[in-house]
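Peer 1: First the structure, then my questions, so here it is.
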Amino acid sequence: MARDILDLTRELGELGALLAELPDLDDFLEAGLAWLAAVAPYDLATIWQIDGDQADRLKVRVARGTLTSRKVLEHTVELGHHPELKRVLTSRAPRINTAHDHAEGEGDIFDGVLALLPGHSCMVAPLYAGERTLGLLSLDRNVCETYSTEVLHVVELFARLLAMGMLVTTQARRLTALYQEEKARNEILRADVVPGDPVSVLEATRNPELRSTVAQARAVAVSGSAVLIRGETGTGKEVMALALHRWSERHEGPFIRVNCAAIPEGMLESELFGHVKGAYTGAVREREGRFRAAHGGTLFLDEIGELSPALQAKLLRVLQEGTFEPVGSDRTTKVDVRILAATNLDLEEAIRKKTFREDLYYRINVFPLTLPPLAARTEDLPLLVEHFLGRFRQRTTKALKVGKAGMQLLADYPWPGNIRELGNVLERAVILATSQGLADLTPMLALAQLGNAPRSVSAASPAGVPVVSLDEATRRHIRQALDATGGKIYGPEGAAALLGLKPSTLQSKMKKLRLKGKA
């Protein structure tokens, strides 16, 4: 027995070490059953798991031994037909079955599947961790002898470790999956605002109007009141929302963003409030939703004017009562969330048209903040340019700068796309740059103008720098893109994708400018 104890100690140590690595659950269970064979011989060892929401049914999760077969792996057991098994689960006490149990009792767990001897060795042990009952461990041996009490205690110990591994591994994998899923959704839904940590740029603004807005934002941030952030597309509304969160007492809590215009209407309710398993086709597991994810922190509802009337009503209830029901559930959930909202729409006009609820408007518009367009805050261009180029420098190692002439070109441009468009222009300049030094912004701005309304172009050259015609600047820029892609127009690595144009639009421009490429 001393050797058995040493073997058991070693096996338990190895099993614990494997658990620390968070392996695949089935691999962990199979390893546990393999190690168990050294101290509790069997011809079939089976891990039975409660079948999802069917608390009175067990199904085989893992089986090991010479008696393992496809029929064994597909076997399920109704606990209503096996009261002794149910008692093992409720009492959490293992049980050794005797020849009398097989002959006079409820039979064997594998009756109808395996032709085992009437008095064969058999035992079952509950799998539980904390308050959760997870299933059973069963051992069968095709010999007519009873497992000893000593072996029973060993199996009970192994069962507890296996159950702990089931719980820890499952929860760890689930948390990892949820994190990756949430991260992926945030990446998909995230708007192309200033990258990196743009709050510092906001705090350092030199524009008097924005400085006043920032001062107001700091004051309301600590109050916990709802804030409605308004401004044109690309002016940095999400940056302001993030700043409000950081300046608030909730700064250690989560900051969760939802773009109400980017998610299909049929999915938005589940995205906001979560759903229970089976709530609709494809809902294979429970999902917590953004409101629960933001509990104790801040929820930023971007493009709130795009919410449907039905969702507006549900959102109003959360703002009033702090409660909601996940999709498919009648269970009320209470959350502590601060709401920040943003829009570039005229909500007052939407109220007049009956497309936006007036009571919701007054709930979210407790403290309005309006961000100026980039064309009205050109004092911040050096800050923004340095911020963008610093971020791009980390990704590309190209240390470009914008000189005085280039900065004047940026100041003269109207920026209909605001900060987002500035980032796009600078990124194109970095991509197409062939060396370090000053960024050539003339062709990039010329290309940006192609998609905007015609505007007058001064023939004068800022700071004495010659300014080429718009056609010539466009020709040079397209030529750079074609050279960078080997003349290829179509595809994800083609010039059209690099320039952010449709291939047909690029071909039309090339024909007009007498440029040639290849498909």
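Peer 1: Quick check: is even one residue across segment 23-42 hydroxyl-bearing (Ser, Thr, Tyr) and at pLDDT below 90?
Peer 2: There is no residue in segment 23-42 that is hydroxyl-bearing (Ser, Thr, Tyr) and at pLDDT below 90.
Peer 1: With respect to Val193, is the statement that it is at pLDDT 85 or above and either buried (at least 16 other Cβ atoms within 10 Å of the Cβ) or of a type outside the set (Phe, Trp, Tyr) (or both) true?
Peer 2: no
Peer 1: Looking at segment 45-56, can you tell me whether even one residue there is more than 37 Å from the chain's Cα centre (by Cα), surrounded by 15 or more Cβ atoms within 10 Å (Cβ to Cβ) and of a type in the set (Phe, Trp, Tyr)?
Peer 2: no
Peer 1: Quick check on this structure: which one of Thr146, Thr169, Thr133, Thr98 is β-branched (Val, Ile, Thr) and within 18 Å of Ala55 (Cβ to Cβ)?
Peer 2: Thr133
Peer 1: Next up: Right, Arg87: touching a Phe, Trp or Tyr at 6+ places or on another chain (Cβ under 7 Å), among the basic types (Lys, Arg) and under 25 Å from His153 (Cβ atoms) or not?
Peer 2: Against the criterion (touching a Phe, Trp or Tyr at 6+ places or on another chain (Cβ under 7 Å), among the basic types (Lys, Arg) and under 25 Å from His153 (Cβ atoms)), Arg87 does not qualify.
Peer 1: Scan segment 311-330 residue by residue and report those that are out of contact with any Leu (no Cβ under 7 Å at 6 or more places or on another chain), touching a residue at least 24 places away in the same chain (Cβ under 8 Å) and at negative phi.
Peer 2: The answer is Ala313, Lys314, Val318, Leu319, Gln320, Phe324, Glu325, Pro326, Val327, Ser329.
Peer 1: Applying the selection to segment 469-519, what residues are surrounded by 15 or more Cβ atoms within 10 Å (Cβ to Cβ), under 40 Å from the mean Cα position of the chain (by Cα) and among the aliphatic types (A, V, I, L, M)?
Peer 2: Selection gives Ile478, Ala481, Leu482, Ala484, Ile489, Ala495, Ala496, Ala497, Leu498, Leu499, Leu501, Leu506.
Peer 1: Identify all residues within segment 105-128 that are touching a Leu at 6+ places or on another chain (Cβ under 9 Å), of a type outside the set (Ser, Thr, Tyr) and crowded, with 18+ Cβ neighbours inside 10 Å; write none if there are none.
Peer 2: Listed by number, the residues that qualify are Asp108, Ile109, Phe110, Leu114, Leu116, Cys122, Met123, Val124, Ala125, Pro126, Leu127.
Peer 1: Any idea how many residues of segment 234-268 are within 18 Å of the chain's Cα centre (by Cα) and β-branched (Val, Ile, Thr)?
Peer 2: 3
Peer 1: I'd like to know if segment 327-343 contains one or more residues that are touching a strand residue (DSSP E or B) at 6+ places or on another chain (Cβ under 7 Å), assigned to a loop (DSSP other than H, G, I, E, B), more than 21 Å from Ala217 (Cα to Cα) and at pLDDT below 90.
Peer 2: yes
Residue-wise test of (1) modelled with pLDDT of 90 or more; (2) closer than 18 Å to Ala261 by Cβ; (3) out of contact with any His (no Cβ under 6 Å at 6 or more places or on another chain).
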| site | (1), (2), (3) |
| --- | --- |
| His275 | no, no, yes |
| Gly278 | no, no, yes |
| Glu348 | yes, no, yes |
| Phe356 | yes, yes, yes |
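The values are calculated or read from the model by the stated rules, or taken from the named source; none is laboratory data. Here the structure is a predicted model, which is why all the values come from computation and not from measurement. Glycine gets a Cβ as well: all are built from the backbone with ideal geometry, and neighbour counts include every protein chain shown.
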